[in-house]
Amino acid sequence: MNAPFIVRTEQDLLIVSFPTAARALSWAVVNGGFCHADHIINHRVRGNDPWFCAEPGRWLQRAARAVGLQGNVVAMATAVEMKHVIRVSMSGGGAEVTCFATVGCANALSVGDQSSVPLEERAAASLHTINMILTVQPGLTDKAMVEAIQIATEGRVRALYEARIQSSVSSLTATGTGTDCIAIVSLDSRDVPYCGKHTQLGELIGLAAYTAVERGIASSIHR
């Protein structure tokens, strides 16, 4: 049986590839929204790269081509070195969830903090972010993938609250950063209709996300 995904880590790049295109949902810079993804990448970028700051989408597309990736690529960016990628796998009841996370908290914010960018302007690219890629088996319906994003987000918030990470602009406890990204990948053709916190699949998604961010925060303190 073929592995459900293949992981490759280079100096500045995490690549999660799928033998056949997998249903994915994210708000990644490149190919965000619902799509069928052949690869999902998390690319380290230096903050002084003027091209990335001006055109992050084109920058990431070029980076994917440079390593020979073919097909549909979902791409996100971070300032975290790939040697600090956290991988957590959880399984039970015939389900399996794997979370890959990079955790940087310099841009930590609490939901509802005062905004810094007017509505009509695009926010500048920020690299201090918490990025997560979660693969989920069994497969999910579209509405369950949306729910999985929510559950993973709650896992991140729990980790930040327990670590007492403070917002960079207020006295509030952070709930994330200004530029976090989450990608959920449905790995097979089954269509589980929901994955809330009452379900074992929801437990695994939340626990994998929480554990990955918790470990990432602990690692970042000692960098």
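For every helix of n ≥ 4 consecutive DSSP H residues, a contribution of -39,500 (n - 2.57) applies; sum these over the chain, divide by its total residues, and give [θ] at 222 nm rounded to the nearest 500 deg cm²/dmol.
-9000 deg cm²/dmol
Mind checking which of Arg62, Arg158, Arg44 has the largest fluctuation in a GNM of the chain, springs on alpha carbons under 10 Å?
Largest GNM mean-square fluctuation: Arg62.
On the protein heavy atoms, probe 1.4 angstrom, tell me the percent of accessible surface of the chain carried by carbon and sulfur.
It is 51 percent, rounded to a whole number.
Below 10 angstrom from the Cβ of Leu140, what's the summed charge of the other residues (Lys, Arg +1; Asp, Glu -1)?
That works out to -1.
Taking just the alpha-carbon atoms of the chain, what radius of gyration and Dmax come out, in angstrom?
16.6, 51
At R0 = 30 Å, how high is the FRET efficiency between His198 and Arg164 if r is their beta carbon distance? Nearest 0.05 is fine.
0.55
Might you tell me the accessible area per residue for the chain, computed with a 1.4 Å probe and given in Å²?
Heavy-atom SASA per residue in the chain reads 49 Å².
For the chain, the longest stretch holding no GluC sites (Glu not before Pro) located in a DSSP loop with at most 14 other Cβ atoms within 10 Å is which?
122-223
The values are calculated or read from the model by the stated rules, or taken from the named source; none is laboratory data. Only a predicted model underlies this, so the values are computations on that prediction, with no experimental measurement involved. Every residue, glycine among them, receives a Cβ derived from its backbone with ideal geometry; neighbour counts consider all protein chains shown. Areas reflect the complete protein model, heavy atoms only, side chains present, ligands, DNA and RNA absent. Shrake-Rupley method; radii C 1.70, N 1.55, O 1.52, S 1.80 Å.
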